[in-house]
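The values are calculated or read from the model by the stated rules, or taken from the named source; none is laboratory data. These figures come from a predicted structure and were not determined experimentally. Cβ placement follows ideal geometry from the backbone for every residue including glycine, while neighbour counts extend to all protein chains displayed.
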């Protein structure tokens, strides 16, 4: 009887491990693999980058940063491609046909979308399935199809994508300091 009570009072089993140095890093998300945690961090950084750059440009698209990242991930696009196109086509949605939610100049800017998110999703879809999957392998290829043969469109989009990349590098340096 006494042994039974003693057995009930003891914990079933306990595991512990000690880690030190480089291996003793905190995981940012409990129960998530390092690869998944890195992916989540990368997407959070990309969203922060897009929001930051668009806010600096006084763009009404700044609140759509998450939508740009979600669409890019779903369609396997560079997350900075769509926002960069808005920079070239409408100065980040500042100069476009009012009420169209079309900062992309898509369909000469006359195609109307139901919301910013709708436009982001549909233009992203078009880039993936009407341009890239039909042979456009570079920004130049996309530009020739998207911007009616323009030789200046792709370098402008690339320059703006570079500004997003620079902002990302700055934010990543901050995260590395944490």
So which of 82, 77 ends up being more than 21 Å from residue 175 (Cβ to Cβ), part of a helix (DSSP H, G or I) and at pLDDT 95 or above?
82
Could you check residue 58 against (1) assigned to a helix (DSSP H, G or I); (2) more than 15 Å from residue 163 (Cα to Cα); (3) modelled with pLDDT of 90 or more and say which number it fails?
(1)
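Let's see how each residue does on (1) assigned to a helix (DSSP H, G or I); (2) at pLDDT 95 or above; (3) within 29 Å of residue 109 (Cβ to Cβ):
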position: 26; (1), (2), (3): no, no, no
position: 45; (1), (2), (3): yes, no, no
position: 50; (1), (2), (3): yes, yes, yes
position: 69; (1), (2), (3): yes, yes, yes
Residue selected from region 53-70 under the condition within 14 Å of residue 117 (Cα to Cα) and crowded, with 23+ Cβ neighbours inside 10 Å, by the criterion farthest from the chain's Cα centre (by Cα):
61
